[in-house]
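Please read the structure below before turning to the comments.
Taken together, the values in this text are just the output of simple stated rules run on the coordinates, not laboratory data. Values in this document were obtained by computation on a predicted structure and should not be read as measured data. Please note: Cβ atoms are built from the backbone with ideal geometry, for glycine as well, and neighbour counts cover all protein chains shown.
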């Protein structure tokens, strides 16, 4: 019984994805300089999305800091009003305490909402940035391969030019050598005085070097 040997499966390029966390690529000036002229619609879309997410993140961080500062001021105010309420038994102070407490609760709700959204943004930014890096890497290798292919074509063309130049150079040397040999023969045949007269009539190139 014969068993047919199984052919090895053809190697297929598998997409390589980054596993480690990478810096925000749109904050890298080198990336902007490199991709200034080679951006694809996909890269432009991801870049725009990432910038919007970063903008939202920046605004929420600013809001969170402002709410935190405001909450601290209110808590300080409540502490001051509490002291007045106990010492002076002030109804106005008690009402103001209740008002400040409600505002603190609202701020707590806002900061909790901000914290939740910031957590979501962290994931969205990381995911979008990773997608942008992956796409950028693919585009880079596409251009590297195109550039290398073009470079190889130029190498072949340069080699052909060099070979042609060498042939032309050898051909020129042979023609110059033959011309000098002929001229020397004529010089010996008819003599230098007659050659000078013939040169004036027959030589088109006045600067031709007749001696090696």
Separation of alpha-carbon centers, segment 30-103 and segment 130-168, rounded to whole Å: 52 Å
Label point distance in nm, residue 183-residue 162, each placed 7 Å from Cα along Cα→Cβ: 3.3 nm
Protection proxy ranking of 50-57, 156-163, 112-119 - average other beta-carbon atoms within 10 Å, highest first: 50-57, 112-119, 156-163
Net length gained if the chain between residue 176 and residue 141 were fully extended (0.36 nm per residue, minus Cα distance): 7.5 nm
Cβ crowding within 10 Å averaged over residues, with 62-70, 39-47 ranked highest first: 39-47, 62-70
Efficiency of FRET between residue 52 and residue 77 - r from beta-carbon atoms, R0 22 angstrom, step 0.05: 0.05
Equivalent ellipsoid, segment 25-166 (semi-axes from 5 times Cα gyration tensor eigenvalues, Å): 65, 12, 8
